[in-house]
1. Taking the options ASP203, ASP223, name whichever one is in contact (Cβ under 8 Å) with a residue 40 or more places away in the chain, open to solvent by 30 Å² or more (accessible area, probe 1.4 Å) and either in a helix (DSSP H, G or I) or touching a Cys at 6+ places or on another chain (Cβ under 7 Å) (or both).
2. With away from ligand 2 (no atom under 16 Å from the Cβ) and of a type in the set (Phe, Trp, Tyr) as the only criterion, which of TYR222, TYR199 stands out?
3. Quick check on the stretch 31-51. Is at least one of its residues without any contact (Cβ under 8 Å) to a residue 40 or more places away in the chain and away from ligand 2 (no atom under 12 Å from the Cβ)?
4. Residues of the stretch 143-164 being within 15 Å of ligand 2 (Cβ to nearest atom) and at pLDDT 95 or above, which ones?
5. For the stretch 228-239, name all the residues that are open to solvent by 40 Å² or more (accessible area, probe 1.4 Å) and either of a type in the set (Val, Ile, Thr) or within 13 Å of ligand 1 (Cβ to nearest atom) (or both).
6. For residues that are among the aliphatic types (A, V, I, L, M) and touching a strand residue (DSSP E or B) at 6+ places or on another chain (Cβ under 6 Å), tally how many sit in the stretch 211-235.
7. I'd like the full set of residues that are in a loop (DSSP other than H, G, I, E, B), at pLDDT below 85 and surrounded by 17 or more Cβ atoms within 10 Å (Cβ to Cβ), limited to the stretch 87-142.
8. In the stretch 23-43, what residues are modelled with pLDDT of 95 or more, under 19 Å from ASN126 (Cα atoms) and either touching an Asp or Glu at 6+ places or on another chain (Cβ under 8 Å) or assigned to a helix (DSSP H, G or I) (or both)?
Amino acid sequence: MTVSIAMAGKGGTGKTSLAGLIIRYLLKHNLTPVLAVDADPAANLGLGIGLNAELTVGSVLAGFNENKISIPSGVVKESFLNIKLNETIVESRGIDLITMGRGEGAGCYCFPNNVLKNFIDQLTSNYRYLLMDNEAGLEHLSRGTTGQVDHLILVSNHSIKGIRTLNSILNLVTEMGLDIKQKWVVINQAPAVIDPLVYSELDRLGITVDAVIPQDSQIMEYDWHQKSLLDLPDEAAAAASMNELMAKIITPDQER
Ligand SMILES: Nc1ncnc2c1ncn2[C@@H]1O[C@H](COP(=O)(O)OP(=O)(O)OP(=O)(O)O)[C@@H](O)[C@H]1O
Ligand SMILES: [Mg+2]
């Protein structure tokens with residue numbers, strides 16, 4: 001069975017960076033093959049892990065809708081679309097990446113998201129791990145596009161607003177009865193000392209923190225120099241803390 005991991009949390013709290021560090025862990029421990037899905041219309045997961053996705057699912061679907069793609073005679077429409085969607089997969093050692101992107105022009109993303117979901121459902125069975133990096137907010141959860149999730153990684157920064165967003169996500173998960181096996185709360189970009197006000201807000205909301213990932217200048221430097229987070233050394237503070245969390249998440253019974 002494919003183990004699925006999905007990211008959620010307020011904008012800019014570090015979902016994509018931590019998704020990169022999760023992929024890094026899985027590759028280092030040969031927990032492969034991994035399928036990474038960049039489900040954020042403002043896609044940038046590929047950039048963080050050194051994979052360049054030129055074709056996105058959104059652009060393929062938009063081209064298809066606008067009849068920019070001519071289907072060879074004798075080919076069924078759906079099969080042709082599936083071939084085109086397959087072309088959006090960027091393959092690398094142990095990891096493949098598929099980028100949702102956005103459709104061309106204005107409009108509703110429900111259709112591309114639904115097509116992506118069906119396509120991903122078929123695709124995922126080939127992988128040991130599925131990692132979904134989502135856009136900020138609750139949209140993807142409320143639309144149900146995230147699907148069944150084994151591990152939901154809820155990311156907040158060191159702020160009350162970030163923690164309240166996590167609380168809203170947790171409430172939504174309960175209200176919608178989403179199929180999520182385990183939830184992990186992560187405070188990212190944390191200073192050396194967590195402010196007591198942050199802890200009291202967590203207590204007030206009854207949220208238990210599973211991991212604290214420190215503010216790590218190397219994450220910024222890797223961004224500036226466009227280096228892959230997969231190459232971050234184990235000594236990097238954020239990588240070390242993320243490794244500890246991953247060792248808790250990936251238990252031996254999940255390994256085939
Ligand atoms: N632990 C960390 N230490 C230092 N910088 C970090 C850390 N985590 C993330 N960052 C930086 O914070 C910024 C936002 O991170 P990131 O893009 O991962 O957030 P996000 O939640 O995915 O944002 P969005 O909601 O826009 O998708 C980036 O510049 C990233 O390099
Ligand atoms: Mg992001």
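The values are calculated or read from the model by the stated rules, or taken from the named source; none is laboratory data. Keep in mind it's a predicted model, so treat the numbers as computed, not measured. Here Cβ is always computed from backbone atoms with ideal geometry, including for glycine, and neighbour counts include all displayed protein chains. Just so you know, the surface numbers come from the protein's heavy atoms only, side chains and all, with ligands and any DNA or RNA stripped out. Shrake-Rupley method; radii C 1.70, N 1.55, O 1.52, S 1.80 Å.
1. Numbers: ASP203 fails: in contact (Cβ under 8 Å) with a residue 40 or more places away in the chain.
Only one candidate passes the filter, namely ASP223.
2. Details: TYR222 fails: away from ligand 2 (no atom under 16 Å from the Cβ).
Exactly one residue qualifies, and that residue is TYR199.
3. The answer is no, given that none of the residues of the stretch 31-51 is without any contact (Cβ under 8 Å) to a residue 40 or more places away in the chain and away from ligand 2 (no atom under 12 Å from the Cβ).
4. At the first step, the residues of the stretch 143-164 found to be within 15 Å of ligand 2 (Cβ to nearest atom) are 146, 153-157, 162.
Across the stretch 143-164, the qualifying residues are ILE153, LEU154, VAL155, SER156, ASN157, GLY162.
5. Hit for the stretch 228-239 is ALA237, nothing else.
6. First, the residues of the stretch 211-235 that are among the aliphatic types (A, V, I, L, M): 211-213, 219-220, 229-230, 232.
Now narrow it down to the ones that are touching a strand residue (DSSP E or B) at 6+ places or on another chain (Cβ under 6 Å): 211-213.
Matching residues across the stretch 211-235 total 3.
7. Answer for the stretch 87-142, where residues must be in a loop (DSSP other than H, G, I, E, B), at pLDDT below 85 and surrounded by 17 or more Cβ atoms within 10 Å (Cβ to Cβ): ARG102, GLY103, TYR109, ALA136, LEU138.
8. Hits for the stretch 23-43 are ILE23, LEU26, LEU27, LEU31, PRO33, VAL34, LEU35, ALA36.
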